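Structure first, then comments.
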Amino acid sequence: MRVAIIGGGYVGLVTGACLADLGHNIEIVEIDKKKVDAINSGTPYLFEEGLEALLHNHAGKDLMASSSYDAVAGADISMICVGTPPDASGQADLTFVREASKSIGKALRDATGNPCVVVKSTVPPGTTDGLVRDTVLAESRGGDILFGMNPEFLREGRAIHDFFHPDRIVIGGSEPELFERVANLYRKIDAPVIRTRPAEAELIKYVSNAFLATKISFSNEIGNICKKMGVDVYKVMEGVGLDKRVGREFLNAGVGFGGSCFPKDVMALIRFAERLGEDPTVLKSVMQVNDTQPRRIISLLEERIGTVHGKRIAILGLAFKDNTDDIRDSRAIPVIQMLLERGAAVSAYDPLAMPSMKKIFPMIHYGESPESVLMNADACLVMTEWPEFSRLDHEFDLMNQRVIIEGRRILTTSATEGICW
Ligand code: UGA
């Protein structure tokens, strides 16, 4: 099938590369010329495991990029993969979705056949059948156009694996032809296909992320109780998670969730509910627990070493989770901010995310290795679950004193404690 992907960001690029690998012909429509050139020459401009190999195999052949919307007119599916960042109030800002819909509409003015527009961006319920349909039809001056919603469930760092091994494929639409066409895109993938209305598909995405975030905040709250009792929350959650109705995943207590999805999507769902006149107390608590965890790790640090003023604090891990260079909403950001406000000297190391963090905190020290930041440190905070940290042991002997507090449970060395354990 011919697929035009609007937006060559993280979701658009990964989806395009994976769809090309399934045998489709992909053209990514991207306004940033640098990204267009990078895609066409097969150079990944974001870190994602396995992406380089996919680009190597498909870029310039069945995976192309361009800044024009020309590919839309001849495409079997035009897929909107643009960002929906939060606005000042936390609502999803749909500016890019609106712009993409306008451009698709214009490109479809003289199109023949039965074009199909599918939203993959995470959008509030009602957007596909409202804003997107209305905007495309207004610009295209009508026409026989199919509209659908097909959310993504790709974890950063594991997105290519998740694309080819999904738990489910959700297709929101109204017409049988729409379901058939989108299902055909994924026909080589073995996964249950759920057919819903567009608003249900839109909600499935938000609710999935909100539920996973709820599991994390719930575990963090239980973890905070366990910490006071001297009980290991990971043992508790092992026992709880073995109940199939609960499930063990996303019960890892720690310093809270970050990234470009959970914080933004939970907030957007709260704002959406409020617009309906609801007061979503569970969702608000999920955010409240998450906002409090970074303050807790600082309080714990101060309990252990007193004031941090003038002390040297080593930070291991800056990315919002392992296997990515992404620092968006990383819990390391508020932690470093609080340390700086209190007059600490911060020295940080991360295998991938230091260049990004330098843009936010150019004033702190960045080390080339864990050893270089642990040297003479008065305390160490572990902020990312990088597997390579699990091997650290004698490196901690370089510290002035062995005060190690984990925000993520990853170390195997002795004499450490965690925020919730
Ligand atoms: C998340 C979802 O897992 C994907 O299914 C979804 O498609 C994606 O958002 C999205 O909306 O695009 P992602 O943000 O890449 O994926 O990262 P996760 O692996 O879900 O982790 C999010 C945060 O939660 C990280 O900071 C991680 O450290 C934290 N976390 C995760 C915990 O604190 N405890 C856990 O048990 C699991």
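Tabulated values for the structure
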read-out	value
Within the accessible area of the stretch 90-147 (1.4 Å probe), percent carbon and sulfur	44
Computed [θ] at 222 nm, deg cm²/dmol, the chain (DSSP H ≥ 4; -39,500 (n - 2.57); rounded to nearest 500)	-12500 deg cm²/dmol
Mean Kyte hydropathy of -0.5 or more with a Cα span along the axis of at least 15 Å, helices from DSSP in the chain	10-21, 95-107, 198-229, 262-275, 281-305
Percent accessible area from carbon and sulfur atoms, the stretch 197-421, protein chains only, probe 1.4 Å	55
Interchain or long-range residues, amide H under 5 Å from residue 117's placed H	78, 146, 147, 148
Nearest-0.05 FRET efficiency for residue 295 and residue 190, computed from C-beta distance (R0 35 Å)	0.20
Peptide ranges 137-144, 188-195 listed from the most packed, as the mean C-beta count within 10 angstrom indicates	137-144, 188-195
Heavy atoms of residue 388: accessible area, 1.4 Å probe, square angstrom to 10	60
Among 170, 194, 184 - extreme Cα towards positive end, dipole of the stretch 168-226, charges at beta-carbon	184
Highest-fluctuation residue, 52, 30, 238 considered, GNM on the chain with Cα pairs under 10 Å	238
Net dipole in debye of the stretch 212-361 [+1 Lys, Arg Cβ; -1 Asp, Glu Cβ; about Cα centre; nearest 20]	240
Accessible surface, the stretch 93-210, averaged per residue in Å² (probe 1.4 Å)	43
Potential extension, residue 368-residue 68 segment - 0.36 nm per residue separation minus Cα distance	103.8 nm
Under-5 Å amide H pairs with residue 404, H placed in peptide plane, nonlocal only	380, 417
Inter-label distance for residue 102 and residue 240, nm, one decimal - labels placed 7 Å from Cα along Cα-to-Cβ	4.8
HN-Hα J in Hz across the stretch 83-88 - Karplus 6.51, -1.76, 1.60, θ = phi - 60°, x for Gly and Pro	x, 10, x, x, 8, 4
Trypsin sites (Lys or Arg not before Pro) lying in DSSP loop within the stretch 15-82, provided at most 11 other Cβ fall within 10 Å	61
For residue 319, residues with placed amide H under 5 Å, excluding near neighbours	353
Cα-projected label distance for residue 358 with residue 393, points at 7 Å along beta-carbon direction, nm	3.3
Accessible area (Å², 1.4 Å probe, nearest 10) - residue 342	90
Estimated FRET transfer efficiency (residue 93, residue 139; beta-carbon r; R0 25 Å; 0.05)	0.80
Lys, Arg +1 and Asp, Glu -1 on Cβ, resulting dipole of the chain about Cα centre, debye, nearest 20	580
Extent along principal axes [Cα atoms of the chain; Å; largest to smallest]	72, 47, 38
Solvent exposure, largest accessible area first (probe 1.4 Å, DNA, RNA and ligands not counted), of 386, 421	421, 386
Simple spin-label estimate for residue 110 and residue 200 in nanometres, 7 Å along Cα-Cβ	4.0
Centre separation in Å (Cα based) which lies between the stretch 3-57 and the stretch 289-343	34
GNM top mover of 246, 82, 72 - the chain, alpha-carbon springs below 10 Å	246
³J(HN,Hα) computed for each position of the stretch 307-317 - Karplus, 6.51 cos²θ - 1.76 cosθ + 1.60, integer Hz, glycine/proline x	4, 8, 4, x, 8, 9, 10, 8, 10, 9, x
Prolate/oblate/rounded call for the stretch 2-196, Cα gyration tensor, a/c under 1.5 rounded	rounded
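The values are calculated or read from the model by the stated rules, or taken from the named source; none is laboratory data. In this text the structure is predicted, and so the values were computed from the model without any measurement. Heads up, the Cβs are rebuilt from the backbone with ideal geometry, glycines too, and the neighbour counts pull from every protein chain shown. Surface accessibility is based on the protein's heavy atoms, side chains included, excluding ligands, DNA and RNA. Shrake-Rupley method; radii C 1.70, N 1.55, O 1.52, S 1.80 Å.
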